[in-house]
Amino acid sequence: MKDIVCLAIESSCDETAVAIVRNGREVLANVVFTQIDIHKKFGGVVPEIASRHHVESINLVIKEALEEAHMTFDDIDVIGATYGPGLIGALLVGLSAAKGLAYALNKPFVGVNHIKGHIFANFIQYKELEPPFICMVVSGGHTYLVRVNSYDDFEILGKTMDDAIGEAFDKVARVVGLGYPGGPLIDKAAKLGTDNCGFKRVCFDNYDFSFSGIKTAVINYVSKNPEYNVNDVCRSFEEAVTDVVVKNSEKAIKEYNLDKIALAGGVAANSMLREKMQNMCAKNGVSFYCPDIKLCTDNAAMIACATYYNYILGKTSDFYLNAVANLPLREG
């Protein structure tokens, strides 16, 4: 069977990323231009500024990816790009660049769901991994518990009813004065915490999540305790939210009798969550999968992987495909 080389673009938020992947799982290039330092001064991502920097960097990142892979456009078989969910202006930059390349080069074009890309990062990390399995998607904008039945069949078991888990991390980090991005800063501070601040775990009878309550609990705690210890607050917050994620994940593998579970998304980089999930899986005799940190955060290798599987399943896109800010996973 002929090798299929996919070039994919990811620009859903503040990372301009381009990757080249062979046969879905062999990464030949994975280039990411991050805007974190640009947005730090604002305490979060400013959509208009993000879009402008995507425009400035996209062609350079494409060129760098081709050089890293030692390839030219002639070596590319399929062009892919994220078309949602994400910031609409940011999405349009990468999507337009990908469609322009596909049209000019007369290559097939594939639009990819960003959440699906996060799930597929595990296929890059673990060449042996195949569906079905449970995947816990935890990121700045999304929290989904998904049953991955096949490469194009996803069953959403639960999702956040309000804030995404990563959004809660960012807001709590801002409240305690750590800055942006909140995830890694809270993770670092939590390692130094010792006392429990008593934040409650919010659990439902189903698989859904809610993280707005604990955000409010942290705000109230900080306002009532002027001499609060930042490390203790971070540890207590992190303990509470990760306990809920692990509890729902464990419930799912037992109910659906599956022996594989994966983490995906930017918050999958959290050390406490990774450790708790690993321990839970070991206790239940379940295989645990979690990508390297560079594949947890936004990147184009995961989009290229999803591009490949969409393509071999005959799911190509036309040039009328538009960006969709709130694209649900099931349309993926």
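Structure above, values below:
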{"read-out": "Residues of region 145-202 satisfying the condition of being surrounded by fewer than 18 Cβ atoms within 10 Å (Cβ to Cβ) and of a type in the set (S, T, N, Q)", "value": "149, 150, 194, 196"}
{"read-out": "Qualifying residue in region 266-278 (condition: within 14 Å of the chain's Cα centre (by Cα), part of a loop (DSSP other than H, G, I, E, B), at negative phi and not assigned by TED's automatic domain parsing to the domain that holds residue 30)", "value": "yes"}
{"read-out": "Any chance residue 64 is over 21 Å from the mean Cα position of the chain (by Cα), at pLDDT below 95 and part of a helix (DSSP H, G or I)", "value": "no"}
{"read-out": "Residue match in region 178-192 (condition: modelled with pLDDT under 95, of a type outside the set (A, V, I, L, M, F, W, C) and over 28 Å from residue 122 (Cα atoms))", "value": "yes"}
{"read-out": "Single residue of 100, 84, 43 found to be surrounded by fewer than 18 Cβ atoms within 10 Å (Cβ to Cβ) and touching a Gly at 6+ places or on another chain (Cβ under 9 Å)", "value": "43"}
{"read-out": "Single unsatisfied condition, residue 235 versus (1) more than 20 Å from residue 268 (Cα to Cα); (2) in contact with a Lys or Arg (Cβ under 9 Å, 6 or more places away or on another chain)", "value": "(1)"}
{"read-out": "From the options 60, 101, 87, 92, residue that is closer than 25 Å to residue 291 by Cβ and touching a residue at least 24 places away in the same chain (Cβ under 8 Å)", "value": "87"}
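Rundown of residues vs (1) aliphatic (A, V, I, L, M); (2) under 20 Å from residue 50 (Cβ atoms); (3) not in a helix (DSSP H, G or I), yes/no style:
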position	(1), (2), (3)
103	no, no, no
112	yes, yes, yes
117	no, yes, no
134	yes, no, yes
141	no, yes, yes
163	no, no, yes
170	no, yes, no
173	yes, yes, no
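The values are calculated or read from the model by the stated rules, or taken from the named source; none is laboratory data. Please read all numbers here as calculations on a predicted model, not as lab measurements. Reconstructed Cβ throughout: ideal geometry from the backbone, glycine too, with neighbour counts over all protein chains shown.
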